[in-house]
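Written below as structure tokens is the structure these notes are about.
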Amino acid sequence: MAAGAELAIAEINAAGGVIDGTMVTPVRGDSTCVDAAAATAAAERLVTSEGVAAIMGADCSGVTGAILQNVARPNGIAMISPSATSPALSTAEDDGLFFRTAPSDARQGVVMTEILAERGIKEVAVTYTNNDYGKGLADSFQAAFEAAGGKVTLSAAHEDGKADYSAEVGALAAAGGEILVVAGYIDQGGSGVIRAALDSGAFSTFMLPDGMVGAGLEERFGAELNGSFGQHPGTDSNGAAAFQAAAAAAGFDGTQAFAPESYDAAALIAMAMQAAGSTNAKDWASKVMDLANAPGEPILPGELAKAIQLIKEGKDIDYVGASAVELIGPGESAGNYREIEFKDGKITTVKYR
């Protein structure tokens, strides 16, 4: 994700920067995904010590909400998250400072239901990480799945950071279900639950939402997850292909979850600053929605120099980017998804939705 954002920044700087030659300097901070206090401290450092003009992030929903309320709003710093998907963020107080290039999990719950229906699966157990992301996704999925005639045998939270998840898996297994839906994180309890389920034989097939999709899952489980499936935001648009080629040239995998959305978030920040002629969020945040949507000249990855020039000329652009950006309502993505399945120990693409 950071590499995706920094690819856009490098492209902007190669084109001469923004606002009469101002170069964009990326500074990284670790929002940890799960520790709101650490995330807030990292964001405060970025603002007070590093003097950042914008935040591309944060990553997970809980820490994103914490940074929004504790750092971004008090300091008037706008942020565009590429990956925070909790439905609660759609209605959060944000003073017009918060956007996201990832869709709300209200949409992901519907997509999950469609995938399960196509696979003929009617009963599932659900485990979710006990935070805004996990609960929001589990609730939106259960509502959509049950409305479509499916049955959730048990929906139970798990805490991250535990050494043993056998008790949680035992309860889920006792409830039954054809598969286990794991709405967690790769490097946290989600992987722990999968390990306990595989070791005990409780479940052999898993549905993996966006927080569970990434190279770390291949490294931890490989062929043990063959037949498991899931989804994360993604598109097979021309912009996605252009981004993947640029990412490969830069030395990273552009198909990884939220890498395209990170490129788009950073690009939108830079273009909005150019459109406003200012790095002050109170000036540029109001430009984001116009730049992200029609009408205007479509802009793909690799065309940021063209975009900056058109903006300088006072012409409209429609930033399509790497993830087919279209922002709706409270400044979030309308949503496109890549359906994946584990085959031969690797994440493969089934299709795009």
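The values are calculated or read from the model by the stated rules, or taken from the named source; none is laboratory data. Please read these numbers as outputs of a predicted model, since none were measured by experiment. Because the Cβ atoms are built from the backbone with ideal geometry, glycine has one as well, and the counts that use them run over all protein chains shown.
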Do we find a residue being touching a Gly at 6+ places or on another chain (Cβ under 8 Å) and either surrounded by fewer than 24 Cβ atoms within 10 Å (Cβ to Cβ) or touching a residue at least 12 places away in the same chain (Cβ under 8 Å) (or both) anywhere in region 170-183? yes
Considering E11, E6, E44, E50, which residue is among the acidic types (D, E), modelled with pLDDT of 95 or more and surrounded by 20 or more Cβ atoms within 10 Å (Cβ to Cβ)? E11
Would you check if there is a residue in region 154-171 being out of contact with any strand residue (DSSP E or B) (no Cβ under 6 Å at 6 or more places or on another chain), acidic (D, E), assigned to a helix (DSSP H, G or I) and in the same structural domain as L198 (by TED's automatic domain parsing)? no
Which ones in region 115-152 are more than 22 Å from G192 (Cα to Cα), in contact (Cβ under 8 Å) with a residue 40 or more places away in the chain and either of a type in the set (D, E) or not in a helix (DSSP H, G or I) (or both)? R119, I121, K122, E123
Reported set for region 26-65 where residues are farther than 23 Å from A257 by Cα, in a loop (DSSP other than H, G, I, E, B) and touching a residue at least 12 places away in the same chain (Cβ under 8 Å) is E50, V52, A53
Would you confirm, using the coordinates I've provided, whether D187 is closer than 19 Å to T85 by Cα and either in a loop (DSSP other than H, G, I, E, B) or among the hydroxyl-bearing types (S, T, Y) (or both)? yes
If I filter region 84-91 for residues that are under 16 Å from S333 (Cα atoms), modelled with pLDDT of 95 or more and in a strand (DSSP E or B), do I get at least one hit? no
Residue check: is R107 farther than 22 Å from K287 by Cβ, surrounded by fewer than 24 Cβ atoms within 10 Å (Cβ to Cβ) and under 14 Å from the mean Cα position of the chain (by Cα)? yes
